[in-house]
Structure formats: structure tokens, C-alpha cells
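Peer 1: I am attaching a structure below and will ask some questions about it afterwards.
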Amino acid sequence: MLRTWHRPLVVFGLAMAVLIPIALVGLLVDDRTVVNSPIWLKPLKFAVSLTIYAFTLAWLLTFLKKFQRAGWWAGTVLALAGAAEMVVIVGQVVRGRRSHFNFETPLDTALFSIMGSTIVVLWLTHAVVAVLLWRAEFGNEALAWSIRLGLVISFLGLGVGFLMTSPKPGQALDGGTLGSHTVGAPDGGAYMPLTGWSTEHGDLRVGHFIGMHALQVLPVVIALLGNRANTKIAWVASASFLGTFLLVTWQALRGQSLVQPDGTTLLALAGIIAATALGLVWAREPEKELVAA
């Protein structure tokens, strides 16, 4: 099956899959830390995320019937941009240096500049893939809309990364660092296991992660619903997911940890849940059949 998928993205996905156990071993045997976090945690998280992302796009590009050459080139650029990003991240781990927001030396500055360029290329090329796939036939309208809307939300999720590149209120950053994941304090405070997200302050990686993986979550939800899924449900699920993504991003921008929501956040969450419930009621209403005159 993989032989029919986009070859460069499959190769990149396999490389990331191989990196996962390497990073796990690194976590076990290498006790170095960067910004109060195990040095191999970032490569592990990126490898897992990019493995899923690469294989998803490699599969989706098989549905292109028109503009196949443009799709091939877009997928190839995505694979090369992702590979360049990971080479820098792993290279900085080997050097024992921070990869993101690091301007401490000319080399660190150059490497982070490369990462910034590759993520811009990846983000824009993702938009090209979304446009190419918008009119693709997926054989199921509910699945088709979950993929189309998932591409849009994941584009927004990837874009959250740009919010991390400048200092936020409450941060006392030194001359060697510019930007951070955390809002309300410097990076390096208490964090959740596995994800590494801050438990004390806002963390933009929450929205970045959730938004980016809309492309996997939404089609899986529709697939699990089977014959009960329809186009309305795809729209409701996508709107609910978009609302959740916007909520956690807004929460982070207010300097609030995901695990310490205030009353305003909880009220907004309740609104999303209520709107989703009403939307599902609407989505399950039978379509009115048109009677031929």
C-alpha cells in the first residue's frame, strides 16, 4: 500500500518513525537537560508528530486526480522542509544546545534562522496542498469535508508557531534568547509529563499541537461513526474542534496553564460543548426529500 503513496513523504515518515526509538533510548541513557527539560524530549515529540503528519499527507495526495505534478512537488517540498527542521533539532541535541529561540552564538543564530525558514516553507506548502485537495474526490462526502476542514484547521495550528517567536508579557529574556513557548514566564518552569506543557503558565504548544492534528482527528471521528456520519456532522465536529483550538490558544495567550482554567475559560468551554450538542441535534435531523413536480 505504501508503494502507491507519495514516496518522499513516506521516506520522511519512515525516517521519523526510526527516530522515535532512538529518542526514547536517549531519554533513558542521556541525563542532559535543556531549559529544565530532558534534552531528547523535543526530538521525540517532533518525531511522533511528524511521522503522523507525513504519512497522512502521503495518503491524501493519492486522491489527487488533477494537478498531480503540483501535488508531488508540494509533498516533496514538505518532506525536505521537515527533514531540514529535524536535522537542526537533532544536531543541537548532539551539541547539547537549545534549538528554538537560541541566539547565543552566530552558529546557534544561523541554525535557528534555518529552522524559521523551513517552517515558513512548510506552512505555505501545506496551504498549497490544502488548495489542491479541496476539490479532490474521497468517495464519501462526510469524510471529504472532515479532510478539507481538517487541512484548514491544521494550517491555523501550524501558524501558532509564529506567535512563539517574540517575547511575551512577564518574560525576562536575556540577550541570547528571543521568543518562547511559555506566556507569562520564561521557558523552563514546571511541566506536564510526556507533553512538556507548562503547568503554571500559558503554553502556546497546546494550540499548536491540537490544531496541527485536526487533519488526523476529524477524519478518524467520521470513520468511527461509519454510516451514522453525514456532511452536517462533519461540519459540526470541525466547528467544535476549531472552537477548542481557538479556546486553548486564547487561554495560553492570557498566560493561563491548560490545567488551571479560570471561570472565563470554563464558561467558554461550556459554550463550545452546548453549541456542539445543539449542532449534533441539528445534524441528526433527516434531510427533507425534494418531491418532483
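Peer 1: For segment 221-257, which residues satisfy the criterion of being among the β-branched types (Val, Ile, Thr) and in contact (Cβ under 8 Å) with a residue 60 or more places away in the chain?
Peer 2: Hits for segment 221-257 are VAL221, ILE222, THR231, ILE233, THR249.
Peer 1: Is there a residue in segment 52-70 that is more than 23 Å from VAL121 (Cα to Cα) and modelled with pLDDT of 95 or more?
Peer 2: no
Peer 1: Right, another one. Mind counting the residues in segment 98-117 that are within 24 Å of the chain's Cα centre (by Cα) and surrounded by fewer than 19 Cβ atoms within 10 Å (Cβ to Cβ)?
Peer 2: Total meeting the criteria: 4.
Peer 1: What helices (runs of 4 or more DSSP H), lying completely within segment 132-230, carry at least 2 residues that are over 30 Å from GLY71 (Cβ atoms) and among the acidic types (Asp, Glu)?
Peer 2: Once the helices (runs of 4 or more DSSP H) in segment 132-230 are filtered for at least 2 residues that are over 30 Å from GLY71 (Cβ atoms) and among the acidic types (Asp, Glu), nothing remains.
Peer 1: Continuing with this model, one more query. Which of the following residues is surrounded by fewer than 22 Cβ atoms within 10 Å (Cβ to Cβ), modelled with pLDDT of 90 or more and not acidic (Asp, Glu): ALA277, ALA293, ALA252, ALA237?
Peer 2: ALA277
The rows are residues; the columns are (1) without any contact (Cβ under 8 Å) to a residue 40 or more places away in the chain; (2) assigned to a helix (DSSP H, G or I); (3) in the same structural domain as ILE39 (by TED's automatic domain parsing); (4) not aromatic (Phe, Trp, Tyr).
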{"position": "TRP59", "(1), (2), (3), (4)": "no, yes, yes, no"}
{"position": "LYS65", "(1), (2), (3), (4)": "no, no, yes, yes"}
{"position": "ARG69", "(1), (2), (3), (4)": "yes, yes, yes, yes"}
{"position": "TRP72", "(1), (2), (3), (4)": "no, yes, yes, no"}
{"position": "VAL77", "(1), (2), (3), (4)": "no, yes, yes, yes"}
{"position": "ALA81", "(1), (2), (3), (4)": "no, yes, yes, yes"}
{"position": "MET86", "(1), (2), (3), (4)": "no, yes, yes, yes"}
{"position": "ILE89", "(1), (2), (3), (4)": "no, yes, yes, yes"}
{"position": "ARG97", "(1), (2), (3), (4)": "no, no, yes, yes"}
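Peer 1: Next question, about the same structure. Name the pairs whose Cβ atoms lie under 8 Å apart, with the first residue in segment 9-21 and on the phi < 0 side of the Ramachandran plot and touching a residue at least 40 places away in the same chain (Cβ under 8 Å), the second surrounded by fewer than 16 Cβ atoms within 10 Å (Cβ to Cβ) and of a type outside the set (S, T, N, Q), and 6 or more positions between them or separate chains?
Peer 2: From segment 9-21, the pairs are VAL10/LEU2; MET16/VAL48.
The values are calculated or read from the model by the stated rules, or taken from the named source; none is laboratory data. If you're wondering where the values come from, they're calculated on a predicted model, not measured in any experiment. Please note: Cβ atoms are built from the backbone with ideal geometry, for glycine as well, and neighbour counts cover all protein chains shown.
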